[in-house]
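Report on one structure; see the data block that follows.
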Amino acid sequence: MADRFKRNIFTIAGVFAGAVAGFLYWKFIGCASGTCPLTSSWKIMLVYGGITGGLLGNTAQGFVKKKETAK
């Protein structure tokens, strides 16, 4: 279990950072009228931000592994 966590640390950190960023985006910038499908609900922005952060973290993890393999 710990090995799996170590291998995916960038992805996991990206999900958490993205979820926090999604919530903060909803809180400070989001749609006040409620007509915007993504930014009108904090729950949707939390999931959307988490998925986006996970994808970015996974991409960064790929670059790090590629760099380690090249050495």
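Side notes on the structure shown:
- Using C-alpha pairs under 8 Å with a sequence gap of at least 6, the mean separation divided by the residue count of the chain gives a relative contact order of 43 percent.
- Estimated 222 nm signal from helices in the chain, with DSSP H stretches of n ≥ 4 weighted -39500 (n - 2.57), rounded to 500: -26500 deg cm²/dmol
- Among the listed values (i) 1.37; (ii) 1.77; (iii) 1.13, the one computed from these coordinates for Cα Rg over 2.2 N^0.38 Å is (i).
- Residue of 44, 29, 12 that the Gaussian network model of the chain assigns the largest fluctuation, springs spanning Cα pairs under 10 Å: 29
- Projecting the Cα atoms of 50, 69, 28 onto the charge dipole of the chain (Cβ charges, centred on the Cα centre) puts 69 farthest toward the positive pole.
- Backbone geometry of the range 8-19 corresponds, through the Karplus equation with coefficients 6.51, -1.76 and 1.60 at θ = phi - 60°, to 3J(HN,Hα) couplings of 10, 4, 5, 5, 5, 5, x, 5, 5, 5, x, 5 Hz, x marking Gly and Pro.
Every number here is computed from the coordinates shown, using simple stated rules; none is lab data. Computed from a prediction, not measured in an experiment: that's the story for all the values here. Heads up, the Cβs are rebuilt from the backbone with ideal geometry, glycines too, and the neighbour counts pull from every protein chain shown.
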